[in-house]
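Trainee: Next up is a structure, given as structure tokens.
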Amino acid sequence: MNATVPFIVTFLLAIVNATLMDNVVLIRFYGICSFVGVSNKVKPAFSMGVAVAFVTIFASLVCWPLYNFVLVPAGIPFMDTVVYILVIASLVQLVGLVIKKYSPALYKAFGIYLPLITTNCAVLGVAQGNTDSGLSFGLSMAQAIGTSAGFLIIIFLMACIRSRLDAMNVPKAFKGIPIALIVAGIMSIALIGLGGIGS
Amino acid sequence: MPQFVYLIIAIVVIVALVAIFVISFIAYRRTPVPKGCEDLVANKEKCEGCLMSECPLAHGREEGH
Amino acid sequence: MSDEIARNRHKESFLSGIIKQNPLFVAILGMCPALAVTKTFEASFGMGLLFTFVLVCSNVIVSLLRKVVPEEIETPAHIVIIATFVTIVKMLTNALLPELYSSLGVFLSLLVVNCIVLGRSESFAKKNTVFDSFLDGVGNGIGYTLAISIIGIIREILGKGSLTVGKIFTFISYNGSPITIPILKNSVFDVSMGKIFSNPAGGFIVMGILLAIIAAVVNYNKAKKKAAAKSAAKPAPNTNLGGAK
Amino acid sequence: MNETVKKYLKVGGILGLIAGASAAIICTLNVFTEPKIKENEFNAQQAALAKFYPDAKKYSEELSLKDAKATYVLSYWKAFDAEDLVIGNVYKTSGRNAYGAITMLVGVSKGEIGKIVLVTNTETYADTIVEEYLDPYNKGARSLDDTKCGATKGAELIRAMAKEAQSVDERLNSKEGQ
């Protein structure tokens, strides 16, 4: 069944799967550190999502070949975590450099978030997950694109919900983080319900 | 492949990556901030991303203990 | 006299990590593993132990090198140190406790970007002596292990209705097979509704409710203290002001 | 100007030293843990194999497959009973679809597909595949072809791999003229 399906279909299905069914925040729990904190204003949340998307895709683009063509032949696959975190740190600087030089508008939008992304669990989680489960290059790129799209959608949705949430009369103890978690739990149930489409 | 060869490869790979990081780190610091964004200070809701103890950009903030 | 101050400073930095500044429930940091790994009690306890090892070692080394590392590259240097200890832990766990390694999966590597480990080294270890950082690491480690073990117990009992010990820590076993303590086994609760607590959505909900309970307790104490302070401030009228509403 | 260059050299030097030291520590530790990890993997594999044919006394080591038509099957083991007769083969297959990757062991004896045990399973809804499709199948309560189980794509991948292992087994047996 697998060989007959053209690659592009598997590629697109993998993107949709990584965006919705296997969503990075609500199902796989990467990236909760920034998801809970920064997501109560729509504008910064969206820029945060774009910044994470930028770095995640570049990180997977660099980490996969580095693992398969440098670390494995050299016989030191156990060095992957240290290498990835260094790559992600350099990428954050490089992406910042490019944005600083060429597009002040983008820099104004999410330039200040970039240093925070090095400690974002989603970026390292995707890069490490791709090579741990031995995905091919195409599928790991699909995973990266899908994951960053999923992160962007969810953090944007969460920001919209939470900005309306402040107007509601939430019980005092639930204000802030607890109610955000409950809302995330309900969204996660919705996404689990989506499971039927793909499989 | 004797063991110490792996050791040398590992150190070479890591030091090379550190070198790339330092170069990009310096380059990032060197480029001037684009004209319109000098006033971009670590504003409040950006710093909420790490909630309490550690916020790399808000150096001035005193860590509550 | 000075070692008196030093001693209770040590004690304070140790105890604060466990209750007063519990990294998970009070500082609300390090939630990525707390939600993902706590499907079973054993996995979360194992994660807590490994987390404590990484936190203590990286705190000690960071405070050892605090005078050597220049200001600009503190964060990258700390991240490399933490990544080294995470890799060491990964190798040791893979060798000694393969079941724990496979059940934690990617989240063992995600300890590198854990908000607590980096937070403690940035805000505490780089400014204090080695012994204080060690104590702080152990304190926070124990605090975090307690916190995620509690979540692990709740999610496992509600999700599976029973508590199994020995599937991951294989050396605990009752004549060969892991011990399973059926708690809610044949209660009405064992119906499919319980399944929600072992899948991701349950993690969010259990965590949200726990944080809400803690916030409520904190608010209640604050209100009681305020009420007590008010009644102490003007004791003359003997109207009974005690007890918060 | 050379003042800032000296500072950057100092900064780069210290970071390089820390990273070099960490690489050295990890590599020396790897020398001790590598054999233990290999041994764990071998034991896990033997334990997995033992599930297929309980009365098998011995398994051959992993024989690689030189069958061009096989896209999933990687290698196989032969199970021998006390009198060194082959009771059946265990095929190691691995395949990927849009939702993740599965590596599994399939027992095939006398042309019949026997038990299936998953080695790695990074499919979305991995637990649904095991609970709804694989466990009932291994207990005989569900046929291999009934793949509608809430994780159909994963189940279809398992069925395709099992069917291919069966066809490879037939080709092997016919070639050896057993």
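The values are calculated or read from the model by the stated rules, or taken from the named source; none is laboratory data. Just so it is clear, the structure is predicted and the values come from calculations on it, not from any experiment. Reconstructed Cβ throughout: ideal geometry from the backbone, glycine too, with neighbour counts over all protein chains shown.
Trainee: So for segment A:112-132 (the condition being facing another protein chain (nearest Cβ under 7 Å) and over 29 Å from A:P77 (Cα atoms)), does at least one residue qualify?
Mentor: Looking for residues that are facing another protein chain (nearest Cβ under 7 Å) and over 29 Å from A:P77 (Cα atoms), one finds at least one in segment A:112-132, hence yes.
Trainee: Might you let me know whether segment C:221-232 holds any residue that is basic (K, R), in a helix (DSSP H, G or I) and modelled with pLDDT under 80?
Mentor: No, because not a single residue in segment C:221-232 is basic (K, R), in a helix (DSSP H, G or I) and modelled with pLDDT under 80.
Trainee: Of the residues in segment A:178-199, how many are crowded, with 23+ Cβ neighbours inside 10 Å and either not small (G, A, S) or not in a helix (DSSP H, G or I) (or both)?
Mentor: Total meeting the criteria: 3.
One line per residue, one yes/no per condition, for (1) surrounded by 21 or more Cβ atoms within 10 Å (Cβ to Cβ); (2) on the phi < 0 side of the Ramachandran plot; (3) over 16 Å from the mean Cα position of the chain (by Cα):
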{"position": "A:Y67", "(1), (2), (3)": "yes, yes, yes"}
{"position": "A:L97", "(1), (2), (3)": "no, yes, yes"}
{"position": "A:K108", "(1), (2), (3)": "no, yes, yes"}
{"position": "A:N120", "(1), (2), (3)": "yes, yes, no"}
{"position": "A:V123", "(1), (2), (3)": "yes, yes, no"}
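Trainee: OK, next. List pairs: first in segment C:125-147 and in contact (Cβ under 8 Å) with a residue 40 or more places away in the chain and among the basic types (K, R), second part of a loop (DSSP other than H, G, I, E, B) and surrounded by fewer than 24 Cβ atoms within 10 Å (Cβ to Cβ), Cβ under 9 Å, 6+ apart or cross-chain?
Mentor: C:K126/C:L65; C:K126/C:R66; C:K126/C:V69; C:K127/C:R66
Trainee: Could you count how many residues in segment A:143-177 are at pLDDT below 85, within 14 Å of chain C (Cβ to nearest Cβ) and in a helix (DSSP H, G or I)?
Mentor: 6
Trainee: Oh, and also: Name the one entry in D:F32, D:F52 that is exposed (fewer than 15 other Cβ atoms within 10 Å of the Cβ) and out of contact with any Leu (no Cβ under 6 Å at 6 or more places or on another chain).
Mentor: Step by step, each of D:F32, D:F52 is checked, and only D:F32 is exposed (fewer than 15 other Cβ atoms within 10 Å of the Cβ) and out of contact with any Leu (no Cβ under 6 Å at 6 or more places or on another chain).
Trainee: What's the number of the only condition in (1) surrounded by 22 or more Cβ atoms within 10 Å (Cβ to Cβ); (2) farther than 30 Å from D:A44 by Cβ that C:K127 fails to meet?
Mentor: So C:K127 meets the others, but not (1).
Trainee: With the requirement that a residue be within 13 Å of the chain's Cα centre (by Cα) and under 14 Å from D:L15 (Cβ atoms), what does segment B:1-27 give you?
Mentor: Result: B:V18, B:I20, B:F21, B:V22, B:I23, B:S24, B:F25, B:I26.
Trainee: Looking only at residues that are part of a helix (DSSP H, G or I) and touching a Gly at 6+ places or on another chain (Cβ under 7 Å) in segment D:137-159, which one is nearest to the other protein chains (Cβ to nearest Cβ)?
Mentor: Checking each candidate, the answer is D:K153.
Trainee: Could you say whether any residue in segment C:29-49 is surrounded by fewer than 19 Cβ atoms within 10 Å (Cβ to Cβ) and in a loop (DSSP other than H, G, I, E, B)?
Mentor: No; the residues of segment C:29-49 include none that is surrounded by fewer than 19 Cβ atoms within 10 Å (Cβ to Cβ) and in a loop (DSSP other than H, G, I, E, B).
Trainee: Given the criterion under 29 Å from C:G105 (Cα atoms), modelled with pLDDT under 90 and part of a helix (DSSP H, G or I), identify the matching residue among A:A122, A:A59.
Mentor: Matching residue, one of A:A122, A:A59: A:A122.
Trainee: Just give me the residues in segment D:28-57 being more than 10 Å from chain C (Cβ to nearest Cβ) and of a type in the set (A, V, I, L, M, F, W, C), in sequence order.
Mentor: Hits for segment D:28-57 are D:V31, D:F42, D:A47, D:A48, D:L49, D:A50, D:F52, D:A56.
Trainee: Which of the residues that make up segment A:120-148 are of a type in the set (A, V, I, L, M, F, W, C) and closer than 21 Å to C:N114 by Cβ?
Mentor: Matches in segment A:120-148: A:C121, A:A122, A:V123, A:L124, A:V126, A:A127.
Trainee: Applying the selection to segment D:108-120, what residues are buried (at least 19 other Cβ atoms within 10 Å of the Cβ) and either acidic (D, E) or touching a Leu at 6+ places or on another chain (Cβ under 9 Å) (or both)?
Mentor: Result: D:I116, single match.
Trainee: Give me the pairs, please: first residue somewhere in segment C:1-26 and within 25 Å of C:Y144 (Cβ to Cβ), second residue anywhere and aromatic (F, W, Y) and modelled with pLDDT of 75 or more, beta-carbon distance under 8 Å, and either six or more positions apart or on two chains.
Mentor: Within 8 Å, the pairs are C:H10/C:F131; C:S13/C:F124; C:N22/C:Y144; C:P23/C:Y144; C:L24/C:Y144.
Trainee: D:T120 versus (1) out of contact with any Asp or Glu (no Cβ under 8 Å at 6 or more places or on another chain); (2) outside any strand (DSSP E or B): which is the lone unmet condition?
Mentor: (2)
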